[in-house]
Amino acid sequence: MGNNLTRKIIKEHLISGEMVPGKEIAIRIDQTLTQDATGTMAYLQFEAMGVPRVKTRLSVSYIDHNTLQTGFENADDHTFLQSIAAKYGIYFSRPGNGICHQVHRERFAVPGQTLLGSDSHTPTSGGMGMLAIGAGGLDVAAAMAGQPYYTRMPKVVLIRLKGRLGLWVSGKDVILEVLRRLTVKGGVGKVMEYGGPGVENLSVDERFTITNMGAELGATTSIFPSDERTREFLRSQQREQDWIQIAADPDAEYDEMVEIDLDELEPLIAQPHSPDNVVKVKDIEGVKVDQVAIGSCTNSSYKELVTVARIMKGRTVHPDTSLLISPGSKQVYEMIAREGAAADLIASGARMLESACGPCIGMGHAPRWGGTSVRTFNRNFPGRSGTPNANVYLASPEVAAATAVFGVVTDPRKLGDPPAVETPRLFHIDDSMILPPSPEPEKVEIYRGPNIKPLPMNTPMPESVTAKVLLSVGDNISTDHIMPAGAKVLPLRSNIPAISEHVFSAVDPDFPARAKAAERGAVVGGENYGQGSSREHAALAPMYLGVKAVLVKSFARIHRENLINFGILPLTFVNPEDYDKLQQDDEIEVPNAREALKSGTPTVTVVNKRTGEKFETRHDLTPRQIEIMLAGGMLNYIRQKAEGNGGS
């Protein structure tokens, strides 16, 4: 039997391990990307590795998250990142150049290559046949230092598409249908590979939307074949030389298969507070909406914004509704400005924002208290918008525009025939906002503002792990719950002592004080713990507060990897009912923890010292991850390896 597309790329990049689902593999990384909310810490970690220059084919540092400058902190971080990029061989995308995933697909993504990014929506570039994976900043730093990326070989799921999208139905509706069927944990340990006759009927922009929101499935990544549509896109970006044709073999095997008939799809919408809470738009029409936000790395391309502009032309935003527009890149913004689409949007009453993440991460433009916002974004977790009790819906640009016109959730099919918008044969190319690394790196001085604090380090694992249960939470806890984003917290990303004061603040404001008083703590959680953003601060800040273990029913992939990277023991209950046997303030112990891990058995015994009850948990660590855990995290592990090699 032939190979699927995912296995072809992994095989080409495989350094070690067996390509058997669940087995640890190591793959070579061609490209990396970081953004400014995760990048400062990633580059501090890269510096700690002592490598004089990045060893990837290409590494890019983007400024797109922390662009709201209410104090000096964000601007200082940007200057630090620019100087780091110049010194270490990294391209630097300046503030205003756009959202990392939009710019990367325009200017850098290459079919058949691998991309590791310190942002969970890195899989966006899978829309053009790239194996693009989101990870914690420390994993990305290691890749820049020339290390392979370690992960478990995923299962490969064929999402077989047939038919053609109807009027007013878009790529957003495709991925919302996948989420409706599979849920936010349905992709854990899997790659979603799109195939079938319906693929050729999807534009590359629609494919990017689908792979972008594949992150909401918990998937390792999502990927489309690179075909003539991909070639047309790269030609329009004057990068046709980067194109290769790559697809699954006709007789390729898959671990699972889901079939979707595009002809049958209707406009869909995700209700609060989860991307998989999906219904048909027509079934909830009439919900009053205070705010509509169009943009983000999911839906901010030229064609999408021109479509919205054509809908809004000659119309006015409903008087009870605010319309926000965030173009995905400088390229998109400049083109819609030159061609008049931006003027039509402004004339309608839309508020034009900069090319940045902005409202998607709660960085400004929060809805009113208890308000309702329809957004073309990828996540609607509680509080992510910046308003704790806002009701956020996720929908396509077409649904969002129709809603902005009428002030209530509206099926766009009520607008008549959709506007005909063609993708340009050639996009405007101006890379002047992307700075190449310095040709004289030895002359570059690294700028460090007062908010950039030294990188905290963990200590090696003790013989036995004891900890107080600081908090018990339910299912689908996101990294937004653990480490909030937003305008107040994001500027502290390079200051772990300061940002640690906000750990779990949306869930329990007393958590940081309780953790510091306990000195050694644990967290108990339900299913899919740590879903959402790749932010390693959701592991790094708890580590700084003394969290030693997290016990849950199941983990989201990236967060579990981040816990391991920072020496926090990730345990899952062998019997999920044992979750109910632990309460806040209980003291737990993992006796002989070091020996238990060294023995190679996948289970360890945990004792509730209050009740004396024992129960079994699984760690499922690979031999390499066990060494990392015993060392107290990846940086300690790397240093030990270097010392073992004579410091080389």
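The values are calculated or read from the model by the stated rules, or taken from the named source; none is laboratory data. Note that this is a predicted model, so its numbers are computed, not measured. Using ideal geometry, Cβ is built from the backbone for each residue, glycine included, and neighbour counts are taken over all protein chains shown.
Quick notes on this one:
- Residue in segment 382-390 that is buried (at least 24 other Cβ atoms within 10 Å of the Cβ), farther than 17 Å from residue 478 by Cβ and not hydroxyl-bearing (Ser, Thr, Tyr) present: no
- Test: residue 159 is surrounded by 21 or more Cβ atoms within 10 Å (Cβ to Cβ), within 18 Å of the chain's Cα centre (by Cα) and β-branched (Val, Ile, Thr): no
- Residue in segment 204-226 that is out of contact with any helix residue (DSSP H, G or I) (no Cβ under 6 Å at 6 or more places or on another chain) and farther than 30 Å from residue 24 by Cα present: no
- Among (1) basic (Lys, Arg); (2) in contact (Cβ under 8 Å) with a residue 40 or more places away in the chain; (3) farther than 20 Å from residue 586 by Cβ - the single one residue 488 does not satisfy: (2)
- Evaluation of residue 223 against (1) surrounded by fewer than 19 Cβ atoms within 10 Å (Cβ to Cβ); (2) in contact with a Gly (Cβ under 9 Å, 6 or more places away or on another chain); (3) in contact (Cβ under 8 Å) with a residue 60 or more places away in the chain (one fails), failing number: (1)
- If only residues of segment 339-352 that are among the aliphatic types (A, V, I, L, M) and more than 15 Å from residue 302 (Cα to Cα) are counted, the one that is surrounded by the most Cβ atoms within 10 Å (Cβ to Cβ) is 350.
- Single match in 520, 535, 493, 514 (criterion: among the basic types (Lys, Arg), within 23 Å of residue 183 (Cα to Cα) and in contact (Cβ under 8 Å) with a residue 12 or more places away in the chain): 535
- Some residue of segment 42-49 being farther than 22 Å from residue 123 by Cα, out of contact with any helix residue (DSSP H, G or I) (no Cβ under 8 Å at 6 or more places or on another chain) and not basic (Lys, Arg): yes
- Residue identified as free of Cβ contacts under 8 Å to residues at least 60 places away in the same chain and of a type in the set (Val, Ile, Thr) among 258, 184, 199, 188: 199
- If the condition is being within 17 Å of the chain's Cα centre (by Cα), part of a loop (DSSP other than H, G, I, E, B) and not charged (D, E, K, R), then segment 106-156 contributes 109, 118, 120, 121, 130, 135, 136.
- Annotation note: Cβ proximity below 9 Å between a residue of segment 574-585 that is aromatic (Phe, Trp, Tyr) and a residue that is modelled with pLDDT of 95 or more and surrounded by 12 or more Cβ atoms within 10 Å (Cβ to Cβ) (sequence gap 6+ or interchain) occurs for 579/472; 579/524; 579/525; 579/526; 579/551; 579/552; 579/553; 579/573.
- Considered as a group, the residues in segment 442-496 that are of a type in the set (Val, Ile, Thr) and assigned to a loop (DSSP other than H, G, I, E, B) include one that is surrounded by the most Cβ atoms within 10 Å (Cβ to Cβ), and that residue is 477.
- Residue 322 satisfies every condition listed in (1) over 25 Å from the mean Cα position of the chain (by Cα); (2) more than 28 Å from residue 114 (Cβ to Cβ); (3) in contact (Cβ under 8 Å) with a residue 40 or more places away in the chain except (3).
- Sole exception among (1) crowded, with 24+ Cβ neighbours inside 10 Å; (2) in contact with a Phe, Trp or Tyr (Cβ under 8 Å, 6 or more places away or on another chain); (3) of a type in the set (Asp, Glu) for residue 561, by number: (2)
- Of 94, 28, all but one fail to be over 28 Å from residue 619 (Cβ atoms), of a type in the set (D, E, K, R) and in contact (Cβ under 8 Å) with a residue 60 or more places away in the chain; the exception is 94.
- Test for residue 397: is it surrounded by fewer than 15 Cβ atoms within 10 Å (Cβ to Cβ), within 22 Å of the chain's Cα centre (by Cα), within 30 Å of residue 530 (Cα to Cα) and touching a residue at least 60 places away in the same chain (Cβ under 8 Å): no
- Contacts under 7 angstrom Cβ, first residue in segment 144-167 being within 23 Å of residue 57 (Cα to Cα), partner assigned to a helix (DSSP H, G or I), 6 or more apart: 144/46; 145/46; 149/139; 149/143; 150/624
For every residue, the table says whether it meets (1) more than 17 Å from residue 376 (Cβ to Cβ); (2) of a type in the set (Gly, Ala, Ser); (3) not assigned by TED's automatic domain parsing to the domain that holds residue 301.
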position	(1), (2), (3)
153	yes, no, yes
157	yes, no, yes
168	no, no, yes
186	yes, yes, yes
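- Wholly enclosed strands (runs of 3 or more DSSP E) of segment 202-308 bearing at least 2 residues under 25 Å from the mean Cα position of the chain (by Cα), assigned by TED's automatic domain parsing to the domain that holds residue 362 and of a type in the set (Phe, Trp, Tyr): none
- Evaluation of residue 531 against (1) under 26 Å from residue 580 (Cβ atoms); (2) more than 15 Å from the chain's Cα centre (by Cα) (one fails), failing number: (2)
- Residue match in segment 344-364 (condition: modelled with pLDDT of 95 or more, closer than 26 Å to residue 504 by Cβ and among the hydrophobic types (A, V, I, L, M, F, W, C)): no
- Between 611, 617, 601, the distinction of being free of Cβ contacts under 8 Å to residues at least 24 places away in the same chain and on the phi < 0 side of the Ramachandran plot belongs to 601 only.
- Some residue of segment 518-541 being at pLDDT 95 or above, touching a strand residue (DSSP E or B) at 6+ places or on another chain (Cβ under 6 Å), crowded, with 23+ Cβ neighbours inside 10 Å and in a helix (DSSP H, G or I): no
- The listed residue being closer than 22 Å to residue 562 by Cβ, in a loop (DSSP other than H, G, I, E, B) and of a type outside the set (Ser, Thr, Tyr), out of 630, 621: 621
So that you can scan it fast, the table gives a plain yes or no per residue for (1) more than 16 Å from residue 401 (Cα to Cα); (2) charged (D, E, K, R):
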residue: 235; (1), (2): yes, yes
residue: 241; (1), (2): yes, no
residue: 245; (1), (2): yes, no
residue: 258; (1), (2): yes, no
residue: 285; (1), (2): no, yes
residue: 299; (1), (2): no, no
residue: 311; (1), (2): no, no
